[in-house]
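Notes to accompany the following structure.
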Amino acid sequence: MPARFELHGMFVSGPTYKVGLMLSLAGEPFDYTHLNLMEGEHKRPNYLSKQRFGQVPLLVDRSNGRHLCQSAAILEYLADTLGRFGGSSLEERFQAREWLYWDFDRLASPLYRARLIKAGFRPAPPEVYEDCLASAKAAVKVLDTHLAGRDWLVGEGVTIADVDIYGVIAFADAAGIDLNDYPNVAAWKARIEALPGFQPADALLPKTSREAA
Ligand SMILES: N[C@@H](CCC(=O)N[C@@H](CS)C(=O)NCC(=O)O)C(=O)O
């Protein structure tokens, strides 16, 4: 029987990793479909009919035929449908949602950009890299301050806020950020990596399509 979920993505994609990590932490096997963004597979009519923004990730829920896009929205969908990591109360859910919005506003955008520039995927003058790096570091500092004396971003357990933001912090080193300068973030990162079902990005997002084990 095919897996319930099919994740379309690309191995370098942080947003795709967020969704793969959520599924893995929830113990949900998924088929993985590799999309070649270099060849524009994400802009072809067949894909656009499933993912209106022409981006990865796309998650297909075969149990009901839904096609889902936007990693933060997908995490919320999975929290609701799987009953995992949604927070222990409505208040926690609202707080988790605030982190999801904050992430794409302040953290993911500059950190992912710094990573792409540093890796040579996106040519840019040094001042653009420095600007992204400074913005990303300012956001990591916000996280570090919030995590002082706390194990998780919201409440007493793992929520989609942690999953979402881990999917960015995982690439901090590649962006040029030394997490030794942010000890609370480093300790929180290690806690996530010790969770059952945790897998790093390269294990969850192969370079070719793969069926669930
Ligand atoms: N806010 C979106 C961002 C998705 C995104 O930026 N995906 C990139 C790959 S990491 C992409 O598909 N880029 C190709 C494009 O936008 O044309 C999410 O979280 O899902």
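The values are calculated or read from the model by the stated rules, or taken from the named source; none is laboratory data. Small disclaimer: the values here were computed from a predicted structure and weren't measured. Counting neighbours? That spans all protein chains shown, and the Cβs are built from the backbone with ideal geometry, glycine included. Accessible surface is based on the protein model in full, side chains and every heavy atom, while ligands, DNA and RNA are left aside. Shrake-Rupley method; radii C 1.70, N 1.55, O 1.52, S 1.80 Å.
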What number of residues within the stretch 58-102 are away from the ligand (no atom under 15 Å from the Cβ), closer than 22 Å to Gly9 by Cβ, touching a residue at least 60 places away in the same chain (Cβ under 8 Å) and open to solvent by less than 20 Å² (accessible area, probe 1.4 Å)? 1
Kindly establish whether Glu6 is part of a helix (DSSP H, G or I), among the charged types (D, E, K, R) and either within 11 Å of the ligand (Cβ to nearest atom) or touching a residue at least 40 places away in the same chain (Cβ under 8 Å) (or both). no
Are any residues in the stretch 12-54 closer than 16 Å to Asp202 by Cα, near the ligand (Cβ under 10 Å from one of its atoms) and open to solvent by 30 Å² or more (accessible area, probe 1.4 Å), and if so, which ones? Val12
Flag if Glu39 is charged (D, E, K, R) and outside the structural domain of Thr159 (by TED's automatic domain parsing): yes
What pairs can you find where one residue is in the stretch 149-173 and in the same structural domain as Asp103 (by TED's automatic domain parsing) and touching a residue at least 60 places away in the same chain (Cβ under 8 Å), the other is assigned to a loop (DSSP other than H, G, I, E, B) and aliphatic (A, V, I, L, M), and their Cβ atoms are less than 7 Å apart, with a gap of 6+ or different chains? Val158/Leu195; Thr159/Leu153; Ala161/Leu153; Ala161/Val154; Asp162/Leu153; Ile165/Leu153
Cβ-Cβ under 9 Å, sequence separation 6+ or interchain: first residue in the stretch 103-132 and within 30 Å of Val154 (Cα to Cα) and among the acidic types (Asp, Glu), partner within 14 Å of the ligand (Cβ to nearest atom) and open to solvent by 100 Å² or more (accessible area, probe 1.4 Å). Which pairs? none
Can you name the residue in the stretch 104-159 that is in contact with a Gly (Cβ under 7 Å, 6 or more places away or on another chain) and open to solvent by 10 Å² or more (accessible area, probe 1.4 Å) and is also nearest to Ser89 (Cα to Cα) among such residues? Gly155
Taking the stretch 180-205 and the residues there that are of a type in the set (A, V, I, L, M) and under 15 Å from Ala148 (Cβ atoms), the one that is least open to solvent (accessible area, probe 1.4 Å) would be Val185
Restrict the check to the stretch 163-173 and report whether at least one residue is in a helix (DSSP H, G or I) and open to solvent by 20 Å² or more (accessible area, probe 1.4 Å). yes
